[in-house]
Structures are given as structure tokens and as C-alpha cells.
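Heads up, the thing below is written out as C-alpha cells.
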Amino acid sequence: MDLKHTALMKLVPVKKRVKWRYDGSFMVAMSEETFQLVLLNSTASAIYTLIDGKRNLMDIAKRVCEAYRGIRKDRIIRDVVRNVRELESKSLVGFTSRAER
Amino acid sequence: MALDLSPAETQLLSREPVVGLLGTKQWLTHFEHNLRWLQQKGFYPTEFERPLACQLELTQRCNLRCVYCYNRSGERSNKELAPRDWVQIAKQLVDAGVFQCVISGGEPLLLGKALFAIMDILHQAGVKFILITNGTFLDHRCVRSLRKYDYYFLQVSIDAPNQTVHDKIRGRGSWQGAVRAASLTSQNNIPLVVASTLTRHNVGYLPDMIDFAYYLGAKRIIVGQFSPVGRACLNYEAIRLSKRDRISVDRTLRRKMLFYRNRMEVVRSMDAHVSLRHNSIQPSSVLIIRPNGDVRVDCVGPFKIGNVTEESVMQIWNRIGRKVWRVPEVSRYVYRINNHEDFLKVTPRPYVDSDIDLSEKE
């Protein structure tokens, strides 16, 4: 399914309260809601750092495309959506339809 | 890619083996295979640059003398660290960026107000706690002071639903205190976990014990065999479970897990030999600091890797802590422990003989 033009891509991910630190190329993050520790590899942590409450999923995917040239755009979009959804399931991010000012 | 890490008591990537579906050995092999695959693909580190969690055994003092106590709490010990030393250690742990801290002893509440000074430092840095207590000193005033911290859980040890059996294992008068402490904890909305250690004396009371934990408001009951180290090693013949007992425990747990599903977690703790092997497979992530400042990476493994009065926490971590499971003496010991009884046969016996001292290892 082509996600590019769906309403989903307009959703704006927002970071929740999280304690985190880098450990080598990994990020270790702990949600303040669940206290669960989650380990993010370099790609997941790069996506996480792009979440600023202003960019929607499409903006984030565009930024990732710039960093990973040569990889098909639709694949990157799918990966970004899957990754942010995963971060949501770990209570590290939430979604809003409107960007924070 | 995001991976779950579990709280400190079971360490990283931990998943309890499903009782009866997969033998322990197969489960460990499967676990190791998966972890190595993730590491090869770059999805999981082979070493952590800083510890993720720590366990502070704040004192060796204890008002009880449980027959199976793994670290022989309550017996005389050499010099203990003073509360001001623990405050310094807490600051070092904050600088190291730990996420989780297990507070235990001995009986940690014997520290009185000094305990709160130590926890305050960690709490202000966002560290989450597991507090392990026998409950004797947990009164209204104490629980009010403890309420402000963030917990995975506060664990009270209760070994039987009746006073006679519990007191026989843990010491006269201990049951009433433990039950009061458990009730106060759940009434004050601190997540309560009841830990019930099985010996020959209480194994027959397990079904009632699980019901009792639910009645006390526990979110989880952790049931398991004692670790055959320390005082349990010395009392082994008097407390050990028969094969029949162990089968009956597995059946009871399976039944109760289903019965309490979505109401209370019924969890079987890993046997000590499985836990040791399980920890050794993963990159080291936890430091255990003993009352005299000795540092370990595992509760049951007899390895001392340094002392916080001689080096800082991060110096110990960088020198050996992060790669301790790859030290030949350590891996040789781990691979000689294949079942529960091996702890009694292989030297050194943890908390009975002197530890393997790795303080000078690079």
C-alpha cells in the first residue's frame, strides 16, 4: 500500500517523558509511564531524535531519505511508520494531528 | 529497531521460560542463538559502555535469620560502608546514568533516615527502584516517606499464609510484620510484589500462599526455589525440595497463572543455575555493591570485581565490569554449574568460601 498520500503521514509524533542516554551507537530509553527500558539502534534513535512535535511523519521520512540516499522512498516511509508505531507501543512517543507551536 | 529491556531483577532481554513448553536447556540455547544473531546484525550491543542498573546491598545487618538467605544476612561482617559512603556511591551512579536501582541488604530499612538520603539522590536523577524488605520495620511513617519514589515494585518476602510456617523459616514474630507491611504498601498505592521462596517446610502451602498474596493486594507474586548458596548451602539437606515437590510446584503455578490472569501476575523465578547462565550470555549491565563495598556482577556468582573504596564505580566498570563474563575464570565457573546441586560441589561455594577475586584483572 502506498502510504505517501494517506492521512497517517500527516500525524505528528510527540515525545513523551523519557529518560534516555546514548551507549555507543545505541540509545537506551526508559518511558516515565511504564519504566520499561528500550534499546534503540542507530536508525531508530535517528528517527527518535527527529521527533520534535512539529514534523509530521512525512517530514521525518523526507529527512531520513536525505540521510539514506539510494534506498527506495516507499521503503523508508514504511520503515519510519513502523518504527514510530513501535516507539508509541513502548510509550516513548504519542501522536497528535497538529504540530506544537 | 527497538528492543525491550526488562527491569534489573531479571536483567536484559529477559523472558521467563514458559513452564513445560520448552526445557530450560533448550530455552537458554534458543536465547543465546537469538542474542548472537541480533549482535551480529548490529541490533544489540556486545558491551554496554556504562551500567544500566545497580543493586545496593546497603547493610549486612538483619533482624531475621532466614534458613535460605543467599548472602547470610544478619551474620557478623567485616567493615560496612557508612551512609555517607553510600551517598557518594549514589552520586557516582547518577553520573554513570543508571536507570534502575535495587535496594536490598540485609534489611535496608535498618538504615533509617539514611536510606532516604541515598534514595533521594537517585530519585532526583530519575532512577526507578525495586526495594526488597522483610517488612518488619515498614510502619505507617516509613511507608509515607517511601511513597514519593518511583518503583517497579516494593517486594515483601512472605513464605507462608500462616504464621507458624513462615516464622519457622524466617524467624519468630516475622510473619505479622511482613503481612502488615504488605497491606500498608498496597494500601498506599506502591506496587507490591510478594516473594515466596520454596523450601521443604512451606512447599505444601503454595496454593494458599498465592491466594493470600492476592488478598494482600499484590500485583505479582514471585515464587521460586531458594538459591543453594550462602546459608541455603549450609542448610541444604534440611530445606531442599524433592523431585515430586518440584513437579507439584510447576502444576500449581500453571493452574494459578491461569486463574489470576489479568488480576495478579504469578511468576516463577529462575533457578539460580539458569539465572547465572542467562546473565553470562548477555552483555554485562548491572553492578551489585555489597555492604563492605565489594562489587559483583551477579548475586550468586562468586566473583568480586573490585571495591568502591579503592576505585570509582566507572573505573571498576571500565576495567572489568563491562566484559566480566568473558574472563576465563568466570566462564570456566559458569560452565561447571549445570544444575542446582552443582553450586554445592563446585568451589568456591558462593557466600561460603572466599570469592574469586578479579580486582586486579584488566
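To keep it simple, each residue is scored yes or no on (1) modelled with pLDDT under 90; (2) out of contact with any strand residue (DSSP E or B) (no Cβ under 6 Å at 6 or more places or on another chain); (3) under 17 Å from A:E86 (Cβ atoms).
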{"residue": "A:L3", "(1), (2), (3)": "yes, yes, yes"}
{"residue": "A:K10", "(1), (2), (3)": "yes, yes, no"}
{"residue": "A:R17", "(1), (2), (3)": "no, yes, no"}
{"residue": "A:W20", "(1), (2), (3)": "no, no, yes"}
{"residue": "A:T43", "(1), (2), (3)": "yes, yes, yes"}
{"residue": "A:I51", "(1), (2), (3)": "no, no, yes"}
{"residue": "A:R63", "(1), (2), (3)": "no, yes, no"}
{"residue": "A:Y68", "(1), (2), (3)": "yes, yes, no"}
In the range B:261-279, anything within 26 Å of B:F31 (Cβ to Cβ) and not aliphatic (A, V, I, L, M) is listed as B:R261, B:E265, B:R268, B:S269, B:D271, B:H273, B:S275, B:R277, B:H278, B:N279
Only residues that are part of a loop (DSSP other than H, G, I, E, B) and closer than 25 Å to A:G24 by Cα: list them for the range A:72-101, please.
-> A:K90, A:S91, A:L92
Is at least one residue of the range B:85-103 away from chain A (no Cβ under 14 Å), closer than 30 Å to B:E237 by Cβ and surrounded by fewer than 22 Cβ atoms within 10 Å (Cβ to Cβ)?
-> no
Test each condition in (1) modelled with pLDDT of 85 or more; (2) within 14 Å of chain A (Cβ to nearest Cβ) for B:H33 and report the one that comes out false.
-> (2)
Determine which single condition A:D74 fails, assuming it passes every other condition in (1) surrounded by fewer than 16 Cβ atoms within 10 Å (Cβ to Cβ); (2) under 12 Å from A:L8 (Cα atoms); (3) touching a residue at least 60 places away in the same chain (Cβ under 8 Å).
-> (2)
Filter the range A:28-47 down to residues that are more than 9 Å from chain B (Cβ to nearest Cβ) and crowded, with 22+ Cβ neighbours inside 10 Å, then give me how many there are.
-> 1
Taking the range B:161-176 and keeping only residues that are on the phi < 0 side of the Ramachandran plot and either buried (at least 21 other Cβ atoms within 10 Å of the Cβ) or outside any helix (DSSP H, G or I) (or both), one is left with B:P161, B:N162, B:H166, B:I169, B:R170, B:R172, B:S174, B:W175
Go over the candidates B:R72, B:R76, B:R50, B:R65 one by one and state the one that is under 16 Å from the mean Cα position of the chain (by Cα) and of a type in the set (K, R).
-> B:R72
What number of residues within the range A:5-27 are within 15 Å of the chain's Cα centre (by Cα), away from chain B (no Cβ under 14 Å) and among the β-branched types (V, I, T)?
-> 2
So B:G42 clears everything in (1) in a loop (DSSP other than H, G, I, E, B); (2) more than 14 Å from every other protein chain (Cβ to nearest Cβ); (3) at pLDDT below 90; (4) more than 28 Å from B:L93 (Cβ to Cβ) except one condition, right? Which one?
-> (2)
For the range B:306-358, which fully contained helices (runs of 4 or more DSSP H) count at least 1 residues that are in contact (Cβ under 8 Å) with a residue 24 or more places away in the chain, buried (at least 17 other Cβ atoms within 10 Å of the Cβ) and over 22 Å from the mean Cα position of the chain (by Cα)?
-> B:313-319
For B:R231, which of the numbered conditions (1) within 25 Å of B:N63 (Cα to Cα); (2) among the charged types (D, E, K, R); (3) surrounded by fewer than 22 Cβ atoms within 10 Å (Cβ to Cβ) fails to hold?
-> (3)
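Residue-by-condition table, conditions (1) over 27 Å from B:I239 (Cα atoms); (2) within 14 Å of another protein chain (Cβ to nearest Cβ):
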residue: B:R61; (1), (2): no, no
residue: B:L111; (1), (2): yes, no
residue: B:I130; (1), (2): yes, yes
residue: B:D150; (1), (2): yes, yes
In the range A:13-39, which residues are more than 15 Å from B:S285 (Cα to Cα), in a strand (DSSP E or B) and touching a residue at least 40 places away in the same chain (Cβ under 8 Å)?
-> A:P13, A:V14, A:K15, A:V18, A:S31
So which of B:F137, B:F116 ends up being in a helix (DSSP H, G or I) and touching a helix residue (DSSP H, G or I) at 6+ places or on another chain (Cβ under 6 Å)?
-> B:F116
Among (1) in contact (Cβ under 8 Å) with a residue 40 or more places away in the chain; (2) buried (at least 23 other Cβ atoms within 10 Å of the Cβ); (3) of a type outside the set (S, T, Y); (4) farther than 23 Å from B:Q60 by Cα, B:V127 falls short only on (1)
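Conditions tested, residue by residue: (1) surrounded by 13 or more Cβ atoms within 10 Å (Cβ to Cβ); (2) within 14 Å of chain B (Cβ to nearest Cβ).
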{"residue": "A:K62", "(1), (2)": "yes, no"}
{"residue": "A:G70", "(1), (2)": "no, no"}
{"residue": "A:D79", "(1), (2)": "yes, yes"}
{"residue": "A:L92", "(1), (2)": "yes, yes"}
For B:F48, which of the numbered conditions (1) surrounded by fewer than 24 Cβ atoms within 10 Å (Cβ to Cβ); (2) touching a residue at least 60 places away in the same chain (Cβ under 8 Å); (3) more than 14 Å from chain A (Cβ to nearest Cβ); (4) over 20 Å from B:S354 (Cα atoms) fails to hold?
-> (3)
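The values are calculated or read from the model by the stated rules, or taken from the named source; none is laboratory data. Source: prediction; values computed, not measured. So basically every Cβ, Gly included, is an ideal-geometry build from the backbone, and we count neighbours across all protein chains shown.
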